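Notes for the one structure printed next.
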Amino acid sequence: MAEGDSELQDLYREALLDYFHSGAHKGTLDPADLRARGINPVCGDEIELTMTLGEGSRIAKVRYSGHGCVISQASSAMMAEALEGRTTARAAELAAAFKDMMLSKAPLESLPEELAAAKSLEGVRRFPTRIKCATLAWNALLRSLAEAGAKAEEP
């Protein structure tokens, strides 16, 4: 491993810890327009997402609660930060881009600007069982958006 690679890994590790310890988006919104739970039975991580919507289907606030490893909690915090102010359609696009980066090994350069912080999760791709930790909140988000869309289409 080159010296620069080691420094970059240390920087990414520090970024993950900063998001893990940040309380900026932790908590629960009540009432919430969108709500979803995610559970990773392999490691025991649990996430609950609550979101409020504003005008034009924009996500006004995102909060997450639960417990889990540094990876799942940091990824949840990064997601919450990236989603506030975005439309639900853009949120789905961002989730797809993040999952593509994690699962399909899409290049980091392909990530939308809103997901710049998520680049620090790139190293997780080398550990298939930990990818589930990183994508837990994103999968919960996609389920909640799908459920909301299905409810909106009901007669």
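Please treat every number below as a calculation from the coordinates, not as lab data. Only a predicted model underlies this, so the values are computations on that prediction, with no experimental measurement involved. Don't worry about glycine lacking a Cβ; one is built from the backbone with ideal geometry, like all the others, and counts go over all protein chains shown.
For the chain, what is the relative contact order in percent, using Cα pairs closer than 8 Å and at least 6 residues apart in sequence?
Dividing the mean separation by the residue count of the chain yields 25 percent.
Along the charge dipole of the chain, which of Ala118, Pro107, Ala91 sits closest to the positive end, that is, farthest toward it, with unit charges on the beta carbon of Lys, Arg, Asp and Glu (+1, +1, -1, -1)?
Going by the Cα projections, it comes out as Ala91.
Excluding residues on the same chain fewer than 8 positions from Lys26, give the lysines whose Cα lies under 17 Å from its Cα.
Output for Lys26: Lys61.
Rounded to the nearest 20 debye, what is the charge dipole size of region 40-155 about its Cα centre when +1 sits on each Lys and Arg Cβ and -1 on each Asp and Glu Cβ? Intermediate values should be presented prior to the final figure.
On the way: 14 positive and 15 negative charges, 68 e Å.
It works out to roughly 320 debye.
Pull up all non-local amide H partners of Asp45: gap of 5 or more, or a different chain, and H-to-H distance under 5 Å with H placed in the peptide plane.
Distant-sequence amide H within range of Asp45: Asn40.
Where in region 24-55 is the amide nitrogen less than 15 Å from a point lying 7 Å along the Cα-to-Cβ axis of Glu84?
Zone members listed by number: 24-30, 50-54.
Looking at the chain, what % of its DSSP beta bridges pair antiparallel, to the nearest 5?
The antiparallel fraction comes to roughly 95 percent.
If packing is taken as the mean number of other Cβ atoms within 10 Å per residue, what is the order of 56-68, 131-143, 102-114, 76-88, highest first?
Going by the mean number of other Cβ atoms within 10 Å, highest first, we get 131-143, 76-88, 56-68, 102-114.
Could you state the angle between the C-alpha long axis of helix 3-21 and the longest principal axis of the C-alpha atoms of the chain, as a value from 0 to 90 degrees rounded to the nearest 10?
30 degrees
What number do you get for region 3-153 when its Cα radius of gyration is normalised by 2.2 N^0.38 Å, N = residues?
Details: Rg = 14.8 Å, N = 151, 2.2 N^0.38 = 14.8 Å.
For region 3-153, the normalised Cα radius of gyration comes out at 1.00.
What list of ³J(HN,Hα) couplings, whole Hz, do you get for region 118-133 from phi and the Karplus terms 6.51, -1.76, 1.60, once you set θ to phi - 60° and write x for glycine and proline?
Those phi angles translate into 5, 4, 5, 8, 4, x, 5, 4, 6, 10, x, 6, 7, 4, 4, 5 Hz.
Select from Leu142, Ala80, Phe20 the residue farthest towards the positive end of the dipole of the chain; place +1 on Cβ of Lys and Arg, -1 on Cβ of Asp and Glu, and compute about the Cα centre.
Leu142
Going 7 Å from the Cα of Glu14 along its beta-carbon direction, which residues of region 101-123 have the amide nitrogen within less than 15 Å of the resulting point?
Counting only backbone N, you get 120.
Neighbour counts of other C-beta atoms within 10 Å: give me Glu48, Glu147, Glu55 arranged from fewest to most.
On the way: Glu48 18, Glu147 13, Glu55 6.
In increasing order of surrounding Cβ atoms, one gets Glu55, Glu147, Glu48.
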